[in-house]
Amino acid sequence: MPRNSGPVPDAKAVDYGIAITPAQGEALARFAELIRRWSRFAKLVSREDETRIHERHLKDSLSLVAVLAQLENPLRIADVGSGAGLPGVPLAVVLPEAHVTLIERSAKKSRFLERVAMELSLPNVDVVCDDVVNVTAKYDVVVSRAVMAPDKLWPLAFRILRAEGHMMVLDRVHDAGAGPPADSVEAFPGGIVTRRSWSQMPESRALHGVLVVRCQAS
């Protein structure tokens with residue numbers, strides 16, 4: 001078992017930008033602690049991020065809640081390249097009516113995700129240890145965070161999305177001075193971009209991006 005390496009800020013001190021219950025705040029705090037304890041064993045987050053998991057990772061992940069709220073519930077969500085469970089686990093915590101599948105090909109990270117689902121008692125989460133190219137299930141929404149460029153992810157997401165399903169990508173531009181890249185419509189064949197927004201991350205020059213692509217009706 002990975003060793004404990006120092007304090008993590010209390011989730012109650014973090015403004016996630018959405019309303020959460022005390023139980024959900026506690027679950028997010030326990031999730032952050034699990035990430036910190038397992039990080040060096042499973043290479044989950046950088047060492048400098050171990051004490052800023054709430055602000056750097058959980059708050060970022062939960063920015064998708066407002067976007068998901070515009071869709072019909074309950075939802076079947078797939079988190080592709082889930083890694084440390086971001087954004088899938090925070091979404092599962094605050095959206096208990098949704099079912100979240102964490103797709104991760106690394107055996108170490110998959111074991112961590114299984115541990116998270118068990119310790120946080122998340123019946124709406126399951127873990128698939130495999131490459132997304134081998135997944136055959138269909139989902140209403142595919143989410144992903146900093147796994148690959150959106151245009152590279154789109155063909156993989158499109159294959160497992162239901163008709164008129166949505167791909168939601170969280171990405172970053174670390175050099176805010178260069179400005180965000182433009183997304184070409186041609187990069188998403190069979191899909192239409194319904195949202196593209198950028199905002200400055202706190203205490204960083206990085207730009208935080210949210211991209212939503214909807215499968216077009218055939």
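Checking the structure you have, find out if any residue of the stretch 182-202 is charged (D, E, K, R) and at pLDDT 80 or above. The answer is yes, given that some residue of the stretch 182-202 is charged (D, E, K, R) and at pLDDT 80 or above. Among the residues making up the stretch 51-97, those that are among the polar types (S, T, N, Q) and out of contact with any helix residue (DSSP H, G or I) (no Cβ under 6 Å at 6 or more places or on another chain) are Thr51, Ser63, Gln70, Asn73.
Evaluate the stretch 79-101: report whether one residue or more is touching a residue at least 60 places away in the same chain (Cβ under 8 Å), of a type in the set (A, V, I, L, M) and either in contact with a Pro (Cβ under 6 Å, 6 or more places away or on another chain) or not in a helix (DSSP H, G or I) (or both). Among the residues of the stretch 79-101, at least one is touching a residue at least 60 places away in the same chain (Cβ under 8 Å), of a type in the set (A, V, I, L, M) and either in contact with a Pro (Cβ under 6 Å, 6 or more places away or on another chain) or not in a helix (DSSP H, G or I) (or both), which makes the answer yes.
For the stretch 98-111, indicate whether the set of residues that are on the phi > 0 side of the Ramachandran plot and modelled with pLDDT under 95 is non-empty. The answer is no, given that none of the residues of the stretch 98-111 is on the phi > 0 side of the Ramachandran plot and modelled with pLDDT under 95. Every residue in the stretch 100-126 that is surrounded by fewer than 24 Cβ atoms within 10 Å (Cβ to Cβ), farther than 16 Å from Gln24 by Cα and not polar (S, T, N, Q), please. Result: Arg105, Ala107, Lys108, Lys109, Arg111, Glu114, Arg115, Asp126. Set side by side, the residues Ser63, Ser39 differ, and just one is surrounded by 16 or more Cβ atoms within 10 Å (Cβ to Cβ), among the polar types (S, T, N, Q) and at pLDDT 90 or above, which is Ser63.
Go through the stretch 111-148 and count every residue that is closer than 22 Å to Leu75 by Cα and part of a helix (DSSP H, G or I). Residues meeting the conditions: 8.
Screening Ile160 with (1) crowded, with 17+ Cβ neighbours inside 10 Å; (2) over 11 Å from Ala78 (Cα atoms); (3) aliphatic (A, V, I, L, M); (4) more than 15 Å from the chain's Cα centre (by Cα) gives one miss only, at (2).
The values are calculated or read from the model by the stated rules, or taken from the named source; none is laboratory data. Keep in mind it's a predicted model, so treat the numbers as computed, not measured. Glycine also receives a Cβ, built like all others from the backbone with ideal geometry; neighbour counts cover every protein chain displayed.
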